[in-house]
Amino acid sequence: MTPTPKTALTIAGSDSGGGAGIQADLRTFFACGVHGMSAVTAVTVQNSLGVQGFSEIPADIVTAQIKAVAGDMGVDAAKTGMLATAEIIQAVAKTLDEVHIGRDAQVPFVVDPVAASMHGDPLLREEALDAIITELFPRATLVTPNLDEVRLLTGIHVTDERSQRAAATALLDFGPRWALVKGGHLYDSPRCLDLLTDGTQYIELDGPRYDTEHTHGGGDTFASAITASLAKGLGVPDAVEQGKRFIERSVAESYPLGQGIGPVSPFWRIAVPE
Ligand code: PXL
């Protein structure tokens, strides 16, 4: 018998193309050696060319999925991705309190504030951004916005290390214990410089920038790899460092699929039989 692995829960949307959303999260959890569980918030209709539409899941069904797995199987760490509506966000916040997941409980909780796809298709109703800030950020162990999301959340347009620091501080003011401001979208930088802070420590994570357009699911994969490490009991700085190394390899080995943007690949981490 395989020893029972640690468990991680993703609360996110489905990507029919398999490269982002819960599919990215579950394959990352698998590659990182934790048992992945999911509470689906929305079903998107999409492929490598973009999101053609989505339908959200009723908030009470999202709640029921979280309670079903938390009450029976237990959750060692959780993350959110696409949440679609303010109603779902409010339901998720209330449920996480009930099942004792979040920064003030012992179970780490990562909020990836997904607002739009790489093609710019909206994945969050406009009025729901405030709910992410007020309902989820104060409960988060870590928030992981990209630079577009940072601008939506804080109004700060990050162009250099100084503005990246200012943005991280502004995010911490919303209440998460740690903020990770990912520099991956600073395209004129030859490196991918991410900044992680809890307001006392400022940790710069430096990595290479790979010249590929196939980065679909990159943010989800990064946040999921961090969540997997947190599930295994690592502290936030170590978990983010491990997540960074995981996403680097996954971007380096991303593959073309379909006519548009192909997905990042977690395959490097597992032995694939011929
Ligand atoms: O990568 C962000 C993301 C999250 N969740 C779903 C998505 C996407 C991007 O397309 O489709 C369901």
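Listing for the model above:
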quantity: Top-ranked residue of segment 33-43 - restricted to ones that are among the aliphatic types (A, V, I, L, M) and either on the phi > 0 side of the Ramachandran plot or more than 9 Å from the ligand (Cβ to nearest atom) (or both), ranked as surrounded by the fewest Cβ atoms within 10 Å (Cβ to Cβ); calculated: Val40
quantity: Meets criteria (more than 13 Å from the ligand (Cβ to nearest atom) and at pLDDT below 95) for Pro58; calculated: no
quantity: Hits in segment 205-223 - residues which are surrounded by 13 or more Cβ atoms within 10 Å (Cβ to Cβ) and in a strand (DSSP E or B); calculated: Leu205, Gly207, His216
quantity: Residue within segment 72-89 that is open to solvent by less than 30 Å² (accessible area, probe 1.4 Å), more than 16 Å from the ligand (Cβ to nearest atom) and either part of a helix (DSSP H, G or I) or not hydrophobic (A, V, I, L, M, F, W, C) (or both) present; calculated: yes
quantity: Residue that is farthest from Ser254 (Cα to Cα), among those in segment 1-32 that are open to solvent by 20 Å² or more (accessible area, probe 1.4 Å) and among the hydrophobic types (A, V, I, L, M, F, W, C); calculated: Met1
quantity: Hits in segment 117-132 - residues which are surrounded by fewer than 15 Cβ atoms within 10 Å (Cβ to Cβ) and within 15 Å of the ligand (Cβ to nearest atom); calculated: His119, Gly120, Asp121, Pro122
quantity: The lone exception for Leu186 - which of (1) free of Cβ contacts under 8 Å to residues at least 24 places away in the same chain; (2) part of a loop (DSSP other than H, G, I, E, B) it fails; calculated: (1)
quantity: Where Pro145 falls short, out of the listed (1) crowded, with 18+ Cβ neighbours inside 10 Å; (2) farther than 18 Å from Ile247 by Cβ; (3) not hydrophobic (A, V, I, L, M, F, W, C); calculated: (2)
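One line per residue, one yes/no per condition, for (1) buried (at least 18 other Cβ atoms within 10 Å of the Cβ); (2) assigned to a loop (DSSP other than H, G, I, E, B); (3) touching a Leu at 6+ places or on another chain (Cβ under 7 Å):
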residue: Thr95; (1), (2), (3): yes, no, no
residue: Gly102; (1), (2), (3): yes, yes, yes
residue: Thr134; (1), (2), (3): no, no, no
residue: His157; (1), (2), (3): no, yes, no
residue: Arg162; (1), (2), (3): no, no, no
residue: Ala166; (1), (2), (3): no, no, no
residue: Ala170; (1), (2), (3): no, no, no
residue: Leu196; (1), (2), (3): yes, no, yes
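The values are calculated or read from the model by the stated rules, or taken from the named source; none is laboratory data. The model shown is predicted, which means the values in this text are computed figures rather than measured ones. Positions of Cβ are backbone-derived with ideal geometry, glycine not excepted, and every protein chain shown enters the neighbour counts. For accessibility, only protein heavy atoms count, side chains too; no ligands or nucleic acids. Shrake-Rupley method; radii C 1.70, N 1.55, O 1.52, S 1.80 Å.
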